[in-house]
Structures are given as structure tokens and as C-alpha cells.
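Below is one structure; the comments refer to it alone.
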């Protein structure tokens, strides 16, 4: 009898584990969908979308941006809070650490998510990233106003453009700090800005076409051919170990693929067999390229 019970338990445990994994993937998918819908709501209200990092909704005189409540300077995810049912927190805080954990910003499948959900700086950790190719960093011109707009800047179509991506909330090589949803870092800070492909001009924070993403498919984060350029790798890291995590790339929670939120509000799983060119085209909102058969 004991032997039979042991066999039944042995059969049951893997099934329970699969159910848990499926539930975690579903929760992450729901979070990505919520972000995609929030982006459309912001766009409808303001006719523009917050950048990866900067001012919102307007440029604030230097020195005042951190004194206001709500804070007028921060990351994309901070300004999205009123649209993911976190309006009370957003409206009652200026720039400070210790802002609460936001459940919809955290993925149950994220293997690096701290047990208490809090990043090293005291803010809720973040298991997702916005595609800065879509929303930009500081916007355009001297006013540093956001410029992304649906449908104007999505010339390839929102259904063909990735807006949000999963990634590890803690990527050890990046100063041993977990990503958080508020961190207003610099244009090269992967906490608040992320160009999943392409090399970035350090002076402008924008893609530098001198080093196209197709030439970076097997490279790593490093200085480019000349000072002032950083090279990002085209493809995600497929469920890397903590020590191999690269803060300037995105990471999948499963080895077979990564979940992404499309700009039309849908969610899909991108298989690990995707080619760098198709991956890069899906991240560019207006490159005029069609997605490959591996999409």
C-alpha cells in the first residue's frame, strides 16, 4: 500500500508543477496585456506615450521636476501607473525610494524576483521592460517632449511591433541591483531605458545606424568601433543563469521562448528559434520590413 502511495505521489508532483508553471505564464501574459491596453489609454488621453525615461506630460523647469507631487520626471512604468489601477500611489508621491510593490509589474516565473518583491533601492522590482525603440528615451528636440503616438509613429502597424518584453528583475552584472519601476537613471541605464537591439549613441541615447543590429547577433555588450557607442545583442538570453545575465539584454523565463506584449495589446510567445533579423524587425516600429516566416 505504501509503495502504491509513493508511486501516485511521484506521478502527481510533476503534474502539479506543470500546472503551476502554466498559471505563472498566464499571469505574466495578463500583465503584458494590461500594459499594452494601458499604453493605448495613455495615447487616447494625451495623444502621445511616455518615453522610457524623462518628463511627463510636459517639460518641467530644471530643479522642479522632483519637487512636484506627482513627480514629473521618471521612467515609463512610473507614468503608466494611473493606467494599471495604481492611481492613488502615483498621485500621492514625489520622487523617492520605497515606492510600493506593484503586482502587475512582477512576473511569477521570474527566477530572480526577490522574495519580498523589492529591489535594492527599496522600490518594487520590475520583471518587464518597455521597448525604447517604440517610445524613445527623452523624446525629441530641446523640449524633450515625448513623440511616440499611435498610429503615427507605428508605420509598420501595432500588430507587428513589440512594445513590452519579459526580463529578469535582477541582473547581477548591473551593479548588483535589481531593476525597479521608478529608477530615473541615465540614457544608458537599463533600469529605465532598453534598446533590445541596435547600438546606441551615448551622446543622444538613440539608435546609431552605423552599427545595425544584424551585425550584432552574436556579440555582447561592449564598446563599439569608436568611443561613444555601445552594442546590444539582437536576440534575448534564453533562461540564462544569474551569473550569465546581461543587463543590456532581455531574458526569457523559459528556455523555449519569451513572452512579449505587442503594441496592439495582444500577447504572444516568441520561440527561441527566431532569427536575429525577424526579432529586430519586430522591435522596429517603422523600419518598413515585413516579419519573417519564423515569426
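The values are calculated or read from the model by the stated rules, or taken from the named source; none is laboratory data. All values reported here derive from a predicted model rather than from experimental measurement. Here Cβ is always computed from backbone atoms with ideal geometry, including for glycine, and neighbour counts include all displayed protein chains.
Being surrounded by 19 or more Cβ atoms within 10 Å (Cβ to Cβ), part of a loop (DSSP other than H, G, I, E, B) and at pLDDT 85 or above is a condition met by at least one residue of segment 94-104.
Taking the criterion of being in contact (Cβ under 8 Å) with a residue 12 or more places away in the chain, farther than 14 Å from residue 110 by Cα and more than 15 Å from the chain's Cα centre (by Cα), the residues of segment 235-268 that qualify are 243, 256, 264, 266. What about residue 208, is it at pLDDT below 75, buried (at least 17 other Cβ atoms within 10 Å of the Cβ) and over 23 Å from residue 266 (Cα atoms)? Yes. The number of residues in segment 262-276 that are outside any loop (DSSP other than H, G, I, E, B) and either touching a strand residue (DSSP E or B) at 6+ places or on another chain (Cβ under 9 Å) or surrounded by 18 or more Cβ atoms within 10 Å (Cβ to Cβ) (or both) comes to 6.
Candidates 83, 128: the one that is under 22 Å from residue 239 (Cα atoms) and at pLDDT 90 or above is 128.
Is there a residue being assigned to a loop (DSSP other than H, G, I, E, B), at pLDDT 85 or above and surrounded by fewer than 17 Cβ atoms within 10 Å (Cβ to Cβ) anywhere in segment 175-182? Looking through segment 175-182, none of the residues is assigned to a loop (DSSP other than H, G, I, E, B), at pLDDT 85 or above and surrounded by fewer than 17 Cβ atoms within 10 Å (Cβ to Cβ). Taken residue by residue, segment 1-15 has no member that is assigned to a helix (DSSP H, G or I), on the phi < 0 side of the Ramachandran plot and either under 18 Å from the mean Cα position of the chain (by Cα) or modelled with pLDDT of 80 or more (or both).
Note on segment 280-295: residues that are more than 16 Å from the chain's Cα centre (by Cα) and part of a loop (DSSP other than H, G, I, E, B) amount to 10. When we screen 115, 148 for residues that are modelled with pLDDT of 70 or more and farther than 20 Å from residue 243 by Cα, the only hit is 148. Against the criterion of being more than 25 Å from residue 266 (Cβ to Cβ), at pLDDT below 80 and in a loop (DSSP other than H, G, I, E, B), residue 64 qualifies.
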